[in-house]
1. Just checking, does region 49-61 include any residue being more than 19 Å from the chain's Cα centre (by Cα), modelled with pLDDT of 95 or more and assigned by TED's automatic domain parsing to the domain that holds Thr189?
2. When the residues of region 205-234 are filtered to those that are in a strand (DSSP E or B) and of a type outside the set (A, V, I, L, M, F, W, C), which remaining residue is farthest from Pro164 (Cα to Cα)?
3. Listed residues Phe202, Phe171; which is assigned by TED's automatic domain parsing to the domain that holds Asn90, touching a residue at least 24 places away in the same chain (Cβ under 8 Å), in a loop (DSSP other than H, G, I, E, B) and surrounded by 15 or more Cβ atoms within 10 Å (Cβ to Cβ)?
4. Can you tell me which of Arg246, Arg274, Arg291 is outside any strand (DSSP E or B) and either within 27 Å of Asp160 (Cβ to Cβ) or in contact (Cβ under 8 Å) with a residue 40 or more places away in the chain (or both)?
5. β-branched (Val, Ile, Thr) and touching a His at 6+ places or on another chain (Cβ under 9 Å): which single residue out of Thr255, Thr212 fits that description?
6. Could you please find all residues in region 154-167 being under 25 Å from Ala194 (Cβ atoms), crowded, with 21+ Cβ neighbours inside 10 Å and touching a residue at least 40 places away in the same chain (Cβ under 8 Å)?
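The values are calculated or read from the model by the stated rules, or taken from the named source; none is laboratory data. All values reported here derive from a predicted model rather than from experimental measurement. Here the Cβ is made from the backbone with ideal geometry for all residues, glycine too, and neighbour counts use every protein chain on show.
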Amino acid sequence: MPRSIFEYTLTDWKRLRPMSHTLKRLRYYWVDHCYMKRQPKERNSTAVAQAITGRDVLVTISFNDPEAIAWQIELLRFYVPRACHIVVDNSSERTAAVEIAKVAAHYQIPYLKLPDNPWRSVSRSHGIAMNWTWHNILRPGNPRAFGFIDDDLFPTASDDLFAPLDTQEFFGLVREVDHRWFLWAGFCTFRFDAVKDKPLDFGQDWFMGLDTGGANWDVLYRSVDLSALQVPNTIFTPYKEGVDVRDGPMQWCGTWLHEIGSTGNSAVEADKRRVVAGILAPHLDAARKTRQID
């Protein structure tokens, strides 16, 4: 929903921002509407939707990182066995997409490659990928519950992202912007029966300062008392000693490690990946040993 006209300043009106924002929103909605109707080339989404009925579904929106997907699949199976895991691939690089498809096939994880994304902006691209998943897989699939996680988010202990849904309609990492708030798109779960009939929009609303997932402010969050919700603890840390957290951040969401892979510095990203591999190594070893025994 657009900002109230009373939130615009005199300068905004002089620059015709209320009108330009309205026109841009209409364009965004039209592009989203057209994209929702497109289907993957390799596989129909109907089969995946039929496989999730009544289940607790965790969707990874993957993007150009097959190594992270392999790690995540292993750790989810070990630490979050309740989840029915699906990979919806938003990769822009064909080579990466092919490798991610191979990883998913190796672990027998449902995989869908999204149609080519119309947006170049990372946040807007992520949001339309989530909306496509909601309209084409989750809503027709009728799961018990569902959630989204980033592809560089890894559990490091047993956890159940769906347990809080026994007492609330949604759960996840909260981001606050002025008097508004929303659940971060990379760590959120929802009780399907509570949201299935609502016009969900997992996109962004930069005109209100809200990143991916923030467009659900009016639909889901506006009328909810944030202080009454169970939310995970979170902390940002430098990925290694001697690095400022602003230059090389990692994030802990409870016992989940968020690598924060995109920093704009390829050298830092490569070094951080090395550090993350070291952190995850004992967990991956434990997961693989358990799988071998089974």
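1. Of region 49-61, the ones more than 19 Å from the chain's Cα centre (by Cα) are 50-51, 53-54.
Next, from what is left, pick out any that are modelled with pLDDT of 95 or more: 53-54.
With the extra rule that they be assigned by TED's automatic domain parsing to the domain that holds Thr189, the set shrinks to 53-54.
Within region 49-61 (the criterion being more than 19 Å from the chain's Cα centre (by Cα), modelled with pLDDT of 95 or more and assigned by TED's automatic domain parsing to the domain that holds Thr189), the answer is yes, since at least one residue qualifies.
2. Asp205
3. Numbers: Phe171 fails: in a loop (DSSP other than H, G, I, E, B).
From the options Phe202, Phe171, the qualifying one is Phe202.
4. Numbers: Arg246 fails: either within 27 Å of Asp160 (Cβ to Cβ) or in contact (Cβ under 8 Å) with a residue 40 or more places away in the chain (or both); Arg274 fails: either within 27 Å of Asp160 (Cβ to Cβ) or in contact (Cβ under 8 Å) with a residue 40 or more places away in the chain (or both).
After applying the criteria, what remains is Arg291.
5. On the way: Thr255 fails: touching a His at 6+ places or on another chain (Cβ under 9 Å).
Being β-branched (Val, Ile, Thr) and touching a His at 6+ places or on another chain (Cβ under 9 Å) holds for just one of Thr255, Thr212, which is Thr212.
6. Start the filter on region 154-167 by keeping residues that are under 25 Å from Ala194 (Cβ atoms), which leaves 155, 159-167.
From the residues that got through so far, the ones that are crowded, with 21+ Cβ neighbours inside 10 Å too are 155, 161-162, 165.
Selection gives Pro155, Leu161, Phe162.
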